[in-house]
Amino acid sequence: MENENIIEIKNLNKWYGDFHVLKDINLNVKKGEIIVVCGPSGSGKSTMIRCINYLEQFQEGSITVDGIQVIDDIKQIRALREDVAMVFQHFNLFPHLSIKDNLTLAPIWVKKQPKKIAAATAMKFLDRVGIADQADKYPNQLSGGQQQRVAIARSLCKDPNVMLFDEPTSALDPEMVSEVLDVMVELAKEGRTMICVTHEMGFAKKVADRVIFMDAGQIVEENTPDKFFENPESDRLKLFLDQILSH
Ligand SMILES: Nc1ncnc2c1ncn2[C@@H]1O[C@H](COP(=O)(O)OP(=O)(O)OP(=O)(O)O)[C@@H](O)[C@H]1O
Ligand SMILES: [Mg+2]
């Protein structure tokens with residue numbers, strides 16, 4: 001089953017009112033593949049990955065994740081959310097809950113896990129991202145990089161097959177970027193399927209199987225990191241790479 005597609009996006013089109021935000025997106029992702037998505041602001045990167053776990057509805061086309069059809073059906077959506085984790089730019093931790101409670105909330109209340117089991121799982125993943133010693137603190141007592149590692153640990157608690165990252169390091173101070181990227185590199189090695197919207201090109205070169213460039217709602221170019229960076233084909237990608245690499 002090595003070549004099995006875990007995500008299939010076919011002819012995906014989405015509009016916000018009259019605005020055609022996603023234009024005929026086609027993308028197959030194999031199990032264990034690491035995809036990096038980049039492109040200018042407003043090109044539809046967030047919208048596309050949000051469609052994958054149905055945080056956004058779409059009008060045309062189809063998405064299948066791990067055999068689950070992404071449609072407006074409560075059972076399918078529930079199954080989808082079990083399988084797909086998402087990590088956001090702004091962590092989205094609950095400020096009034098301790099780090100540990102942030103991780104155990106959904107397992108206890110949604111999945112009805114016994115508290116002890118949920119707590120043990122939480123500690124396991126906090127340890128994995130290197131912050132088990134912060135478990136009893138509150139989010140605002142942690143640095144941005146630590147909070148993002150908590151958010152990653154939280155997403156791991158449900159053992160997702162697919163992880164979606166939407167610019168997980170872009171809200172961080174520069175000195176905290178690498179601690180989060182290091183965690184993501186480790187996850188990439190574990191064989192989980194990952195789609196990461198990021199402009200961290202070092203990360204893309206290190207772990208991506210494919211890099212995708214979006215512009216104006218379309219996938220304009222996709223390639224292995226080597227070819228993507230060394231031999232960009234379209235003028236739009238050349239211009240984009242010039243811009244981000246000159247920063
Ligand atoms: N809820 C919404 N209603 C109307 N337009 C929206 C909505 N959300 C996003 N858009 C528009 O859709 C386009 C794509 O937005 P999206 O957030 O997917 O871009 P992006 O590539 O992730 O950009 P960025 O790099 O800035 O995060 C933008 O022009 C944006 O203004
Ligand atoms: Mg975005």
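The table below gives the values:
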| quantity | calculated |
| --- | --- |
| Residue count, region 144-177 (criterion: open to solvent by 30 Å² or more (accessible area, probe 1.4 Å) and assigned to a loop (DSSP other than H, G, I, E, B)) | 7 |
| Of all residues in region 124-143 being touching a residue at least 12 places away in the same chain (Cβ under 8 Å) and of a type in the set (Lys, Arg), the one that is least open to solvent (accessible area, probe 1.4 Å) | LYS137 |
| Residue in region 56-76 that is most open to solvent (accessible area, probe 1.4 Å), counting only those that are part of a strand (DSSP E or B) and of a type outside the set (S, T, N, Q) | GLU60 |
| Any hit, region 87-105, residues being out of contact with any Pro (no Cβ under 8 Å at 6 or more places or on another chain), open to solvent by less than 70 Å² (accessible area, probe 1.4 Å) and in a strand (DSSP E or B) | no |
| Some residue of region 44-53 being open to solvent by less than 40 Å² (accessible area, probe 1.4 Å), touching a Phe, Trp or Tyr at 6+ places or on another chain (Cβ under 6 Å), modelled with pLDDT of 95 or more and within 16 Å of ligand 2 (Cβ to nearest atom) | yes |
| Scope region 109-123; condition at negative phi and open to solvent by 30 Å² or more (accessible area, probe 1.4 Å); matching residues | TRP109, VAL110, LYS111, GLN113, PRO114, LYS115, LYS116, ILE117, ALA120, THR121, MET123 |
| Set GLU82, GLU56, GLU60: member being within 14 Å of ligand 1 (Cβ to nearest atom) and of a type in the set (Asp, Glu) | GLU56 |
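The values are calculated or read from the model by the stated rules, or taken from the named source; none is laboratory data. The structure displayed is predicted, hence computed values, not measured ones. In this analysis, Cβ positions are derived from the backbone assuming ideal geometry, glycine residues included, and neighbour counts consider all displayed protein chains. Quick note on the areas: whole protein, heavy atoms, side chains included, nothing else; ligands and nucleic acids left out. Shrake-Rupley method; radii C 1.70, N 1.55, O 1.52, S 1.80 Å.
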